[in-house]
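A quick write-up on the structure given underneath.
The values are calculated or read from the model by the stated rules, or taken from the named source; none is laboratory data. What you see is a predicted model, and the numbers here were worked out from it, not measured in a lab. Heads up, the Cβs are rebuilt from the backbone with ideal geometry, glycines too, and the neighbour counts pull from every protein chain shown. Only protein heavy atoms, including side chains, enter the accessible area calculation; ligands, DNA and RNA are left aside. Shrake-Rupley method; radii C 1.70, N 1.55, O 1.52, S 1.80 Å.
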Amino acid sequence: MDERGLPGHERGASRSAPVLRRIGNALALVIGGCTALMGLFMIAIAVFGYMGLGRTGAGLTGGGLLLIAAPAIALPFSPPLAKKLLLLAMTALALFAGALCFWPQAGATPSPAAQAAVIAFAALLAFRVYLARRRRAVDTHAG
């Protein structure tokens, strides 16, 4: 406590936490913005470019980059929204990876290790969501 009796205002207390938070938010915004621009450019190349093979892959990669960039861009403005966007991005990634590993494709057979990794990622994501919902339910009943 300081001389006024307020906690957290001791002499020599670190005042760098808000500065570090601002730097982290600025970095998240810059990295998210660059990732979003890269995704937009990939989509633009896929749509307007003169490319034969790989057009679908470039479009999907650009869309994936936009999906991944959304939480980083939202973080400085609204951390709860960024968490929800991150959950959306991870769920979409798990669904897409599951479709690639378990959907029958001509000439491509995924390895059992890749299938196990996809199952583990989806299970860990579901377990993380379950723990977060359980913690929220305990917090609402306790308070």
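To the nearest 500 deg cm²/dmol, what mean residue ellipticity at 222 nm is calculated for the chain from DSSP H runs of n ≥ 4 alone, each contributing -39,500 (n - 2.57), summed and divided by the residues?
Values: 4 runs with 108 residues, N = 143.
After summing the helix terms and dividing by residue count, I get -27000 deg cm²/dmol.
For the chain, take the longest principal axis of its alpha carbons; what is the angle in degrees between that and the long axis of helix 79-102, to the nearest 10 within 0 to 90?
Compared with the principal axis, the helix lies near 30 degrees.
Could you give the longest part of the chain that holds none of the chymotrypsin sites (Phe, Trp or Tyr not before Pro) found in DSSP loops with at most 12 neighbouring Cβ atoms within 10 Å?
Details: sites that count: 50, 77.
The longest such stretch corresponds to 78-143.
Using unit Cβ charges (K, R positive; D, E negative) and no other charged atoms, how large, in debye to the nearest 20, is the dipole of the chain about its Cα centre?
Numbers: 13 positive and 4 negative charges, 53 e Å.
Once rounded to the nearest 20, the dipole reads 260 debye.
Let me know the Rg and Dmax you get for the chain when you use only its Cα atoms, in Å.
Every Cα atom of the chain included, Rg and Dmax give 21.5, 74 Å.
Go through the stretch 107-115 residue by residue and turn each phi into a ³J(HN,Hα) via Karplus (6.51, -1.76, 1.60, θ = phi - 60°); whole Hz please, and just put x for glycine and proline.
Using θ = phi - 60°, the values come out as x, 9, 10, x, 6, x, 5, 5, 5 Hz.
Before I look further, what does the chain give for accessible area per residue, probe 1.4 Å, in whole square angstrom? Show your work: numbers first, answer last.
On the way: 10830 Å² over 143 residues.
For the chain, the per-residue accessible area is 76 Å².
On a C-alpha basis, how far is the centre of the stretch 91-117 from the centre of the stretch 17-73 in Å? Whole number, if you could?
Between the Cα centre of the stretch 91-117 and that of the stretch 17-73, the gap is 24 Å.
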